[in-house]
There are 2 protein chains.
Amino acid sequence: MDRLPILRLGDCLLVTIQVDLHDRLALTLQDDLTNAIARTGARGVLIDISALDIVDSYIGRVLGNIAAMSRVLDAETMIVGMQPAVAITLVELGVTWQHVRTALNVDQGMRRLRASIDGPRGRPEGGRDG
Amino acid sequence: MDRLPILRLGDCLLVTIQVDLHDRLALTLQDDLTNAIARTGARGVLIDISALDIVDSYIGRVLGNIAAMSRVLDAETMIVGMQPAVAITLVELGVTWQHVRTALNVDQGMRRLRASIDGPRGRPEGGRDG
């Protein structure tokens, strides 16, 4: 498997991680995802990790990096479906995610992401404030 | 990998197939998906196969079966992201899908599924016709 499919859903992108994120696959995902955000103008990224039983510090760091990159590209990242054991491991490993929000499942994550994107303040599109 | 994650998105279920559907995995998917439809009352099933380069007659049959089962459970199945080579193979293999609709990608598929579910006629929920 060379790359993970990135699914577009409205103005959000959805990635489901089902396999071990080895080094090259993780870097490919970074590249593909940042390119997809730039190409589609997506405002949100949903990463579903419900299929992962184990997350090591490497995957933790990669996911954090992806979130930081997405943020620079003006897209919010939501990681969903984390198993309790994975949450325990991440904290024990000392992985802190600065720019990552989490939700229990894709449905909740998508709703919150949409609410945040379409929020009352939103973002000035036309630069009227400038 | 024991099972494919089934993601709930509103009243639709989304499955992304990224790995080879060997026999047991396919049967597990059938079980999980039909159970998920019954449990959640989902009206639509989206199966993304954009990561599959090759589909053999077995996978073709399994996907057809899943669609037929979903239909019995009152959910419509949409298969999205099929690569052109896979379409060629399926026709050459003589696989005909009776109950399957297709779309180019998840975004289009989801929109059409929603339009079909929320259609002008809809479905009488409370059995007023009975």
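Every number in this text was worked out from the coordinates using simple rules, so none of it is lab data. These numbers come from a predicted model, not from an experiment. Because the Cβ atoms are built from the backbone with ideal geometry, glycine has one as well, and the counts that use them run over all protein chains shown.
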Nearest-0.05 FRET efficiency for residue B:39 and residue A:118, computed from C-beta distance (R0 22 Å):
0.15
Longest DSSP-loop-exposure-free segment, trypsin sites (Lys or Arg not before Pro), chain B, at most 15 other Cβ within 10 Å:
B:4-120
Using a 7 Å offset from Cα along the direction of the beta-carbon, what are the separations from residue A:35 to the same position in each other copy, nm, ascending?
3.8
Before anything else, pin down the relative contact order of chain B: Cα pairs under 8 Å, at least 6 apart, normalised by residue count, whole percent.
23
Suppose you put the label 7 Å out from Cα in the Cβ direction; list, shortest first and in nm with one decimal, how far residue A:97 is from each other copy's label.
3.2
About the Cα centre of chain B, how large is the charge dipole given +1 on each Lys and Arg Cβ and -1 on each Asp and Glu Cβ? Please answer in debye to the nearest 20.
500
Antiparallel DSSP beta bridges within the stretch B:1-62, percent to nearest 5:
45
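Considering only DSSP beta bridges with both partners in the protein assembly as shown, what is the antiparallel share in %, to the nearest 5?
Values: 8 of 36 bridges.
Percentage antiparallel, nearest 5: 20.
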